[in-house]
Structures are given as C-alpha cells and as structure tokens.
Amino acid sequence: MAADLSRRLLVTGASGTLGFNVVSQLAIDEANKVFAPVRAIRPFLQRLGSGVDFIVHDLQDEQATNRLVQEIKPDVIVHCAASGVRPPRSEWFEMIVFNVAGSIALFRAYCALPKAAHFIYISTGLVYRVQQRPLREDDPVGTLHPYGAGKAAADSLLLAAAAEFKRTLTVLRPFAFTGIHDGSERLFPGLLRSAAAEQPFSLTRGEQIRDFCAVEDVARAVVACAKREPREFIEIFNIGSGRSESLRALIERVCRELNLTIDLQFGRAPLPPFEPSYLVADISRARVELGWEPRINLAYAVWQLALEVAPTLKLLEPDRDLH
C-alpha cells in the first residue's frame, strides 16, 4: 500500500499580498490540502482555485481558533495574517492586539497538535534596530515603528513560547516586497494608479536605503520552509533581495525598465515617523540552509502588478529573471 504523502496546511492571511501568493503556490501541489481562514470570502480568492478550502473565521476569537485547529489538525500552520501592513493603518491599539494576541492564540492552539506539526510565523524586517548595514538574524530587535513594534513583540513571544514548550517554530522576516495582489495605497500600487490617471505622484526625498523583492520570491521561501524538515526546532530566516539601493534610485530604475512616464515628485511627501533610514537583509542563512535566493526582477513584479491595478497602462514587459 502506497504511503500517504498528502499534507494539511492552514494558512492565515490569504486575502493579503503575501498570503495570497503563498496559498497560490501551495495549491499547485495536489499533495497539499490547504485551509485558509478568512474574514470574508471575496471574489478574488476564487482565483486561487478549487484546491483551497476557505473558512470564514475571526482569528481574534480564541475559542473558535482552538476549535478550528483541532478540526483541521494541520501538519503545518503558516501565519501570514497581520494588521497594519497596508495603509491606512488600523487604529494603533487594535493593530497591536491583533498582531500580538492573535498570533499567541494561534500558537497556543498549535501547541495542542502532535509534536511533528510545524508553525511558520511571518514576521518582518522592520523588527530590527537600524544598523546602517545589512541585517542578520542575530541582530538586536527593537523599533518604534508601529507595525514593526507589534510584530517584534509577537516574534519575541513566539520564540519564548517555542523554547518553553519545545515546539517547532520557523520565523521568516521578509523585507519590502511587491508584485501580484499588492494593493491599497502601498508604494507601487499607488504609483501605478497615479500613472494611469496621468497624475503626479508625491514621494519622500527617497534617500532611505531599501531592499525590495518580488512577492513571488518571498512566497517561494515560505513554501520551501513548509516543505522541508527543520534542522532545529527554532529557526529564523531573513528574506529579501540582499541588495541595498536608495528608494529613489530603485523607483527610477523600475520606471525606466517599464518605460513608464510619470511625474515623480520626490520630497513632496513627509517621511513617516520611525521609518528606518536603512533596511536591507543579509540573506546568507536563507541561501545556505533553504537553498533559496531571489530569482525575479523587481521591475517584472511591478509589471505583473500593473496588469491588475492599472491595465490601461502601456508598459514595456521587462526581463523576468534577475541578472
């Protein structure tokens, strides 16, 4: 009798940019049974196909979350759901409660599963203190950035809980990304919509140093973690391009590759409070232990996004592969 190679995966945050792409990649493998708790089943989720079981669920309902986890009995939980990723940010305290208490409640439910189960927490590169160099996984955590602070608190508490209860935990800290299903008023969706409307686009001076990745690459790192057997019961990986570039140079480069004409008004928008001046990932550990590195050209990811959010734009299709 053939061994059952199927896996049950519970993925939160399927409505968001990263969660959508993670579920999309996981659903390709017929051996995966993917369960996606969402607040509402919106029409765009149907693009993920019939291989995904969507469940209307509120992660802030701890008792319902316990029941859900016990009913599904996932082999892997991928916790992508977060509040405050997409501007406008939620009310400050509500954002913190969701990002911290919701994550702890889900991890508590996970602790009732068999020891072989695996919890993957999607943190952020914003958890780190600014170092003015590429950040390593063992660099100190600490920030006043509102989203970063909440994720840092959850990050630290989950690491402590995993150590206390000897549970398998992988923490992924993605840096900036864009591409398929990036939405709301984040940088590149906003830029593309302004271009389509033939309006100027206000930006900060663009002097901050950033690390930007295609969201498909970030999702591929998450899937790689979900597929592998962790070498240690606690692991942390930075996920990014590993390249440092001023935000202004990065945006101008992407616009050139797309042959996109737009009035970029640098210096017209204020820098948000507590925004780090330098945010770049050292991805050496992910390269060695996951066999992962980015493959997709950022301009290509923005071109893919344009097909969704600004289809009237006539853009040059750039090379897909990084060079």
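The values are calculated or read from the model by the stated rules, or taken from the named source; none is laboratory data. None of these values were measured; they are calculated from a predicted model. Reconstructed Cβ throughout: ideal geometry from the backbone, glycine too, with neighbour counts over all protein chains shown. Note: areas computed on protein heavy atoms with side chains; ligands, DNA, RNA excluded. Shrake-Rupley method; radii C 1.70, N 1.55, O 1.52, S 1.80 Å.
Of all residues in the stretch 77-92, count the ones that are open to solvent by 10 Å² or more (accessible area, probe 1.4 Å), modelled with pLDDT of 90 or more and farther than 15 Å from GLY16 by Cα.
Within the stretch 77-92, residues that are open to solvent by 10 Å² or more (accessible area, probe 1.4 Å), modelled with pLDDT of 90 or more and farther than 15 Å from GLY16 by Cα number 0.
Please work out which residue is nearest to GLY51 (Cα to Cα), limiting yourself to the stretch 15-41 and to residues that are touching a residue at least 60 places away in the same chain (Cβ under 8 Å) and not hydroxyl-bearing (Ser, Thr, Tyr).
In this case the residue turns out to be LEU26.
Only residues that are open to solvent by 20 Å² or more (accessible area, probe 1.4 Å), of a type outside the set (Ser, Thr, Tyr) and in a loop (DSSP other than H, G, I, E, B): list them for the stretch 14-29, please.
If the condition is that a residue be open to solvent by 20 Å² or more (accessible area, probe 1.4 Å), of a type outside the set (Ser, Thr, Tyr) and in a loop (DSSP other than H, G, I, E, B), then GLY16, ASP29 are the ones that fit.
Before we move on, is GLY179 in contact (Cβ under 8 Å) with a residue 40 or more places away in the chain, in contact with a helix residue (DSSP H, G or I) (Cβ under 8 Å, 6 or more places away or on another chain) and on the phi > 0 side of the Ramachandran plot?
yes
Of everything in the stretch 59-76 that's part of a loop (DSSP other than H, G, I, E, B) and of a type outside the set (A, V, I, L, M), which residue is modelled with the lowest pLDDT?
If we take residues in the stretch 59-76 being part of a loop (DSSP other than H, G, I, E, B) and of a type outside the set (A, V, I, L, M), then GLN60 is modelled with the lowest pLDDT.
Residues that are of a type in the set (Ser, Thr, Tyr) and touching a helix residue (DSSP H, G or I) at 6+ places or on another chain (Cβ under 7 Å): does the stretch 221-244 have at least one?
No; the residues of the stretch 221-244 include none that is of a type in the set (Ser, Thr, Tyr) and touching a helix residue (DSSP H, G or I) at 6+ places or on another chain (Cβ under 7 Å).
If I go through the stretch 30-50 residue by residue, how many of them are surrounded by fewer than 18 Cβ atoms within 10 Å (Cβ to Cβ), closer than 15 Å to ASP75 by Cα and touching a helix residue (DSSP H, G or I) at 6+ places or on another chain (Cβ under 8 Å)?
So the count comes out to 0.
Is one or more of the residues making up the stretch 223-237 assigned to a loop (DSSP other than H, G, I, E, B), buried (at least 16 other Cβ atoms within 10 Å of the Cβ) and either within 19 Å of the chain's Cα centre (by Cα) or touching a residue at least 40 places away in the same chain (Cβ under 8 Å) (or both)?
No, the stretch 223-237 contains no residue that is assigned to a loop (DSSP other than H, G, I, E, B), buried (at least 16 other Cβ atoms within 10 Å of the Cβ) and either within 19 Å of the chain's Cα centre (by Cα) or touching a residue at least 40 places away in the same chain (Cβ under 8 Å) (or both).
Which of the residues that make up the stretch 239-257 are free of Cβ contacts under 8 Å to residues at least 60 places away in the same chain and in a loop (DSSP other than H, G, I, E, B)?
ARG243
Here is a check on your reading of the model: is ARG133 modelled with pLDDT of 95 or more, under 15 Å from ALA281 (Cβ atoms) and surrounded by fewer than 21 Cβ atoms within 10 Å (Cβ to Cβ)?
Spelling it out, ARG133 is indeed modelled with pLDDT of 95 or more, under 15 Å from ALA281 (Cβ atoms) and surrounded by fewer than 21 Cβ atoms within 10 Å (Cβ to Cβ).
Considering only the stretch 217-232, I want to know if a residue exists there that is at positive phi and touching a strand residue (DSSP E or B) at 6+ places or on another chain (Cβ under 7 Å).
Looking for residues that are at positive phi and touching a strand residue (DSSP E or B) at 6+ places or on another chain (Cβ under 7 Å), one finds none in the stretch 217-232, hence no.
Contact list please: Cβ distance under 6 Å, first residue in the stretch 107-123 and open to solvent by less than 10 Å² (accessible area, probe 1.4 Å), second residue of a type in the set (D, E, K, R) and assigned to a helix (DSSP H, G or I), pairs at least six apart or on different chains.
SER123/LYS151; SER123/ASP155
Taking the stretch 258-295 only, how many residues are under 22 Å from LEU172 (Cβ atoms) and in a strand (DSSP E or B)?
Looking only at that region, the number is 3.
Testing LEU260 on (1) over 20 Å from ILE283 (Cβ atoms); (2) open to solvent by 30 Å² or more (accessible area, probe 1.4 Å); (3) touching a residue at least 12 places away in the same chain (Cβ under 8 Å), one condition comes back false. Which one is that?
Of the numbered conditions (1) over 20 Å from ILE283 (Cβ atoms); (2) open to solvent by 30 Å² or more (accessible area, probe 1.4 Å); (3) touching a residue at least 12 places away in the same chain (Cβ under 8 Å), the odd one out for LEU260 is (2).
Within the stretch 239-249, does at least one residue satisfy the condition of being of a type in the set (A, V, I, L, M, F, W, C), open to solvent by 30 Å² or more (accessible area, probe 1.4 Å) and more than 19 Å from THR178 (Cα to Cα)?
Taking every residue of the stretch 239-249 in turn, none turns out to be of a type in the set (A, V, I, L, M, F, W, C), open to solvent by 30 Å² or more (accessible area, probe 1.4 Å) and more than 19 Å from THR178 (Cα to Cα).
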